[in-house]
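Asks: Have a look at the structure that comes next, please.
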Amino acid sequence: ENLFWLGRYLMRSIITARMIRTTVKYLANAYRYDHRSNIHVQETLTKALTHLTMTYPGFLGQEDALIRDPLREIWSVCVDTQRVGTLGHTITMLFGANMDTKNLLPLEAWRIFDRMIREYNLFGKGEQPSARMIISTLDKTLMQLMAYKELIEESLFDEQGLVLYEIGAGIERSLLLIAKARSLLVVTNESVSEYEILETL
């Protein structure tokens with residue numbers, strides 16, 4: 001059971017971090033170009049982030065206020081450990097699953113995970129950083145999560161519960177892909193906006 005939840009929380013952490021990073025990158029670059037579609041794409045991506053993380057109301061219902069300062073809400077989705085669905089909360093849950101399965105994992109995985117947790121917690125305790133700093137930290141966190149993931153998958157045996165880990169990861173990946181597709185593909189968009197949104201997906 002612990003391996004099942006390890007797979008789910010690990011995949012949720014990776015996909016959430018990627019979605020936050022992609023959204024922040026778009027927001028940081030959107031103002032460089034004078035496209036009429038920019039604000040529409042920005043609203044679509046930020047709403048998709050809320051749906052993916054289920055951090056409601058998020059960017060839904062208060063779009064005008066949040067669009068003026070979207071980084072404030074994104075920062076909360078990054079690091080607020082008390083808010084269910086945020087990356088900070090998911091990493092906290094992943095920490096618990098990691099502790100419960102520690103005897104099955106290699107020493108290298110422990111070290112990578114401990115370092116990631118320490119650095120991410122330090123990041124979350126500071127003031128709201130710039131978009132560039134958020135992107136840089138998420139890049140580093142993603143590299144550590146992916147290294148941790150590969151070490152788990154390389155070292156676990158079927159008899160130890162690898163199948164349960166893979167089922168958990170597969171379920172989470174599928175659920176989040178559905179959430180992204182529902183948010184980004186179902187809505188009708190203008191051709192320029194649609195290109196940007198499909199590129200993001």
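The values are calculated or read from the model by the stated rules, or taken from the named source; none is laboratory data. These numbers come from a predicted model, not from an experiment. Just so you know, the surface numbers come from the protein's heavy atoms only, side chains and all, with ligands and any DNA or RNA stripped out. Shrake-Rupley method; radii C 1.70, N 1.55, O 1.52, S 1.80 Å.
Asks: Just the accessible area for K102, please: 1.4 Å probe, Å², rounded to the nearest 10?
Replies: Near enough 50 Å² of accessible area.
Asks: Cut-off under 16 Å on the C-alpha distance; same-chain residues fewer than 8 positions from K47 excluded. Which lysines are left, in chain and number order?
Replies: K25, K180
Asks: Using Cα positions and a limit of under 13 Å, work out the aspartates and glutamates in reach of K125, with same-chain residues fewer than 8 apart set aside.
Replies: Straight-distance partners of K125: D80.
Asks: Next question. Give or take rounding to whole Å, what are the principal axis extents of the alpha carbon atoms in the chain, in descending order?
Replies: The Cα atoms of the chain stretch 55, 36, 26 Å along the principal axes, largest first.
Asks: What helices does the chain have that are whole DSSP H segments, at least 24 Å long along their own axis by Cα, and with mean Kyte-Doolittle hydropathy of -1.0 or more?
Replies: On the way: long enough: 2-30 (41 Å, 0.32); 107-125 (27 Å, -0.43); 131-155 (36 Å, 0.16); 162-184 (32 Å, 0.97).
Taking the DSSP H segments of the chain (at least 24 Å long, mean hydropathy at least -1.0), we get 2-30, 107-125, 131-155, 162-184.
Asks: Given a 1.4 angstrom probe, I'd like the percentage of the accessible area of segment 57-201 that is carbon and sulfur, rounded to a whole number. Kindly include the intermediate steps, with their values, before the conclusion.
Replies: Numbers: 4620 of 8160 Å².
About 57 percent, which is the carbon plus sulfur part of the accessible surface.
Asks: Using Cα pairs closer than 8 Å and at least 6 residues apart in sequence, work out the relative contact order for the chain, in percent. List each step's numbers first, then the result.
Replies: Values: 221 pairs, mean separation 78.0, N = 201.
It comes to 39 percent, rounded to a whole number.
Asks: What figure, in Å² to the nearest 10, do you get for the accessible area of R182 with a 1.4 Å probe and non-protein molecules left out?
Replies: Here the accessible area works out near 150 Å².
Asks: When a/c reaches 1.5 or more, the comparison of a/b and b/c decides; with that in mind, is segment 95-201 rounded, prolate or oblate per its Cα gyration tensor? If you can, show how the numbers build up before the last one.
Replies: Numbers: a/c = 2.97, a/b = 1.39, b/c = 2.14.
In terms of gyration-tensor shape, oblate.
Asks: Please list V84, V79, V187, V24 in order of solvent-accessible area, largest first, computed with a 1.4 Å probe with all protein chains present. Each step should come with its number before you reach the end.
Replies: Numbers: V84 100, V79 25, V187 75, V24 0 Å².
Ranked from most to least accessible, the order is V84, V187, V79, V24.
Asks: Could you rank L6, L71 by how accessible they are, 1.4 Å probe, largest area first?
Replies: Details: L6 0, L71 35 Å².
Ranked list, largest accessible area first: L71, L6.
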